[in-house]
Amino acid sequence: MTVRVVIVDDQGMVRTGFGVLLNAQPDIEVVGEAVNGEEGLRRVAELRPDVVLMDVRMPVMDGLEATRRLLDGHGEDGGEAPKVLMLTTFDLDDYVYEALRAGASGFLLKDASAGELADAVRIVAAGDALLSPSITRRLIAEFSRLGGPRAPSRKRLEDLTERETEVLGLVARGLSNGEIAAELVVAEQTVKTHFGRVLMKLGLRDRPQAIVYAYEVGLVRPGD
């Protein structure tokens, strides 16, 4: 199955370069481009891509606001929301926390190689998060700076089983499904099943949102 991609970036060279690299892949097709978040929202509505490569900094409407609007307003027509992969020049600006809260599935530096770019698109298209150790460290540091949980209530956690709560905690610490399976001595598919139930019960979209939620309610704290 071909992964359909829209690139939203105000730099023409970035759009062209990424377009050439991605279109060279047999399983990826760039179906559209946009120069800012506002135009990006229109293109996504028209083209319904699987993945949106979204620049963080853009004129008219930046990538954070575009991501919020794209994912907050999605689902009203019953369609599935695209995955958003944030593009950044720096590692990693000051936007990690807000981008994850907005619903981004991961981050990619603009100087990524062709292989890294293609792999990143495939990873988020498959529903996984693209959170490198450096990004996870920045996220934890941001929670430390903010001084603890920001969410008002842990009540929704009561709907989880003990094992589901355990899986959520391990996900929030940055472990992959394979690492969690090894930690709990279960099959990786079992971990995927538990985590799928966690997302459903908590009303969360994906792994990044689950990580943010776990920190916000204090299930996991920086330094754990």
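Rule-based calculations on the coordinates, nothing more; no lab input. Note that this is a predicted model, so its numbers are computed, not measured. Glycine also receives a Cβ, built like all others from the backbone with ideal geometry; neighbour counts cover every protein chain displayed.
Miscellaneous remarks
- Peptides ranked, highest mean first, by Cβ atoms within 10 Å: ranges 177-188, 27-38, 100-111, 195-206: 100-111, 27-38, 195-206, 177-188
- On full extension, the segment bounded by Glu166 and Arg48 gains 38.9 nm, given 0.36 nm per residue less the C-alpha separation.
- Potential lengthening between Arg197 and Arg122 on full extension [0.36 nm per residue; Cα-Cα distance subtracted]: 24.7 nm
- Potential lengthening between Arg205 and Asp72 on full extension [0.36 nm per residue; Cα-Cα distance subtracted]: 46.8 nm
- Straight-line reach from Lys155: taking Cα to Cα under 21 Å and skipping same-chain neighbours fewer than 8 places apart, the lysines in range are Lys201.
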